[in-house]
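Input: a single structure, listed below in structure tokens.
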Amino acid sequence: MGGISFSGLMRVCLKETRMPRRNSRQPPSQNTPDVLVHNEGTVFLFNPLTARAKRWMEDNVHPDSHWFGTTLVVEHRYAWTLAQGMKDDGLVLQ
């Protein structure tokens, strides 16, 4: 049973089939973030800015996660793991 499961009011579940994408590693642009991350204290907001980021979220974030429009809402205790997974797959966060 691979994958990560989080519990809580605003949970984020990385899908069990998550596999690192070898071809997703593109040289990151210093000026163009893929995901805008904003700390709101008790929650972090992950706003995908590029098609790559949206595709990554569709492929790796469980559909039952908490969304506010197109922005993923994550409890602060789970934000680092989510951000690290994005960075490991070559996404640029700001």
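Values as computed for the structure displayed
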quantity: Residue count, the range 45-94 (criterion: among the aromatic types (Phe, Trp, Tyr) and free of Cβ contacts under 8 Å to residues at least 24 places away in the same chain); calculated: 3
quantity: Looking only at the range 51-68, and only at residues there that are outside any helix (DSSP H, G or I) and over 10 Å from the mean Cα position of the chain (by Cα), the one that is surrounded by the most Cβ atoms within 10 Å (Cβ to Cβ); calculated: Ser65
quantity: Pair list, Cβ < 9 Å and 6+ apart or interchain, from the range 20-44 residues that are modelled with pLDDT under 95 to residues that are assigned to a loop (DSSP other than H, G, I, E, B) and hydroxyl-bearing (Ser, Thr, Tyr); calculated: Thr32/Thr50
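The values are calculated or read from the model by the stated rules, or taken from the named source; none is laboratory data. A quick note: this is a predicted structure, and the numbers were derived from the prediction, not measured. Every residue, glycine among them, receives a Cβ derived from its backbone with ideal geometry; neighbour counts consider all protein chains shown.
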